[in-house]
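Report on the structure given below.
The values are calculated or read from the model by the stated rules, or taken from the named source; none is laboratory data. Because the structure is a prediction, the values reported are computed rather than measured. All Cβ positions, even for glycine, are placed from backbone atoms using ideal geometry, and neighbour counts span all protein chains on display. Surface areas here come from the heavy atoms of the whole protein model, side chains and all, with no ligands, DNA or RNA. Shrake-Rupley method; radii C 1.70, N 1.55, O 1.52, S 1.80 Å.
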Amino acid sequence: MDLQPLALPATDGDWLPWTDARVEQGVAAAEAGLADLRAAAPGDPVALTRWNDVEIALSQVLSLVSLLGAVHPDGAVREAAEAHDLATRRLATDVYLDAEVHARLAALDAKALDPPAQRVLADALRAFRRAGVDRDDATRARVRELDRRAQELGQAFSRAIRDDRRTTRVPAASLAGLPEDWLAAHPSDADGTVEVSTDYPDTLPVLTHARDAEARRAVARTMHDVAWPENDAVLAELLTTRRERATLLGHADWPSYDAELKMIGEGDRIPEFVDRVAEAADGPGRRDLADLLEVARAAGEDVVDFSSWRHHLETLRRERFDVDTQEVRRYLDAGKVRAGLLEVTGRLFGLRYEPVDAPTWHPEVTSHDVHLEDGTLLGRVHLDLHPRPHKYHHAAQFSLVPGVRDRLLPEGVLVCNFSRGLMELDHVVTLFHEFGHLLHHVLAGRHDWVRFSGVATEWDFVEAPSQLLEEWAWDAGVLASFATDEHGTPIPAELVGRMRAAQELGTAFLARTQTAYAAVSYAFHQECPPDLTARLRELMARYSLVELVPDTHFHTGFGHLEGYTSAYYTYLWSKVIAKDLFSAFDADDLFAPEVARRYRDTVLAAGGSRDAADLVEDFLGRPYDDRAFSAWLDHRGEEHP
């Protein structure tokens, strides 16, 4: 069947009525599917097909409004999208509490279904149970109330972060060390000060390159106070709302409820895993810290905190490996990087990207149709890579359309905040990472059941394919294919070798920071502490080797607490798997087609059709283990030439 991408509005004024109409159509389709499902005779397998129709309709609506609420430049469209998002999620809550719908699905004979349908049915019945459909009327009513409040609070938490674009004014003289292009884009005012916003391309270069400690501290203080104080109360209520819902349904706490759907399985395994990684990273991490403290003291500073660690690590890498990120930046023009990313992933996975001139929500967004080598159209991707007011602040992949075989062509969106000129290497790595999610969404977009579509695996696996793709951003041959200076000279392999050695400096130190974030994510949800700031400081002091900037409130801008809830540990969990997946590739020939295509078809294209552990075992030929991760964690840059 010849599927077509979604036709987006061609003019700005059309977006609001178009969005309203799309949502109305989707909700009507979901309600029609529910009516057909209820009308099915008990035991009729058509009930599961109708359930798929309902999920497809709801997924289309939620994908669209989630994206528009995060990226659309028109405030009226964002507000409408947020209102539609809440209304549609309330409808979904009502569906999963609908005893009649549940009864039709529960009456099906699973043994009479094929394996994919059996998996869909088991997943649906579990979702209904987790929603409380089998509870008494009072409990179901309270669950419905809690779900709606959690949705409102989660949206408010994310909105406050998105909209709170703060600025810091620092003396122009305090910005010595910043790249010339950054300084040119930030002229000083008549009073001799420069405005630095909380956008990543503004803030991170200051924290990395500015030699003036006070300027870095001022910028970091602003960065770590985003959405303070409003999000403190919002988060506190969100945590207690989630806990009440979990305990009402018979779980010990929210992490126990949430972990049921994860590879980890049980909530109390989260702190065990976090502590195990923290212990493994402790020795090498403290060696890193000692090196950073030595650099800090040489600069007249006596602490390594969130305002200074990037700068001191940059200094250490420059001194030890003669790597200056400003030298590296001149090879990383944003346009060339974007083109190189497409060339690299196309070659690796047997894909062809065709640029398309199609309407989107902003002129800077670029779009490409994705084809297999045989010409088969797989889907469309949109790249929204640069900051603007009221846009989602971080880097993430959003779904625009879920893929379903012969029904919907998958479309995904990268939403990032990178420089329009020269990029930091860390941002190039992040771009590769997020593109890994985008590929997963498109390649897994040809299942009959929308439940399997795209990034539909267990949540503590979803980062593994993206973390794997980061490896290509560190390869000298890969970088040389697109990283060229203004004269077209490729980045030297010898420089890349030093960059890799420098990058590995601090691996364990930064892993300890990740364990701190994971501990905050878990403990906040498990404990619902009365003073979030105080508990944040306790947890960071225990796990992180980096000190918080005094009088800041990192948690109010920690957006993952909304989406990942208690499961931020998944970044580390997925890293274990990603390192093991990479061990199957030939480091001397990263484009070897046999292994790359096998990974594409076995892991990525499978989506959520099988458990992640089984997909990984099929690809590796064995269950995954942590040997590669442990070796990486304890690796020291000195071992590189």
Can you pull out the chymotrypsin sites (Phe, Trp or Tyr not before Pro) in region 357-410 that DSSP calls coil and that have at most 15 other Cβ atoms within 10 Å? none
Would you please classify the overall shape of region 479-616 from the alpha carbon gyration tensor, given that a ≥ b ≥ c denote the square roots of the eigenvalues, rounded means a/c under 1.5, and beyond that prolate means a/b larger than b/c while oblate covers the rest? oblate
Relative contact order in percent for region 461-594 (Cα pairs under 8 Å, 6+ apart) equals 34
Evaluate the relative contact order of the chain (contact order divided by residue number), counting alpha-carbon pairs under 8 angstrom at least 6 apart; express in whole percent. 16
Can you compute log10 of I(q)/I(0) for the chain with the Debye formula, treating each Cα as one identical point scatterer, at q = 0.09 Å⁻¹? -0.77
Relative contact order (percent, whole number), region 386-534, Cα cutoff 8 Å, 6+ residue spacing: 17
Residue-normalised value, i.e. accessible area per residue, for region 256-412 at 1.4 Å probe, in Å², stands at 40
Shape of region 113-161 from its Cα gyration tensor (a ≥ b ≥ c, root eigenvalues): rounded if a/c is under 1.5, otherwise prolate when a/b > b/c, or oblate? oblate
Output the antiparallel fraction of DSSP beta bridges having both residues in the chain, as a percent to the nearest 5. 80
Taking r as the C-beta separation of Asp14 and Thr376 and R0 as 41 Å, the FRET efficiency to the nearest 0.05 is 0.85
If you line up the long axis of helix 46-71 against the longest principal axis of the chain, both from Cα atoms, how many degrees apart are they, to the nearest 10? 30
Given region 423-544, what whole percent of its Cα pairs are spread farther than 20 Å? 62
Share of carbon and sulfur in the accessible heavy-atom surface of the chain [1.4 Å probe, %]: 50
Diffing region 513-518: the Karplus 3J(HN,Hα) column from phi (6.51, -1.76, 1.60, θ = phi - 60°), in whole Hz with x for Gly and Pro, holds 5, 5, 5, 5, 4, 5
Using helices alone, what [θ] at 222 nm do you get for the chain, with -39,500 (n - 2.57) per DSSP H run of 4 or more residues, divided over all residues and rounded to the nearest 500? -18000 deg cm²/dmol
If packing is taken as the average count of other Cβ atoms within 10 Å, what order do 268-280, 149-161, 177-189, 304-316 fall into, highest mean first? 304-316, 149-161, 268-280, 177-189
Solvent-accessible area per residue, Å², over region 422-578 with all protein chains present [probe radius 1.4 Å]: 28
Region 134-154 to region 66-85: how many Å between their Cα centroids? 25
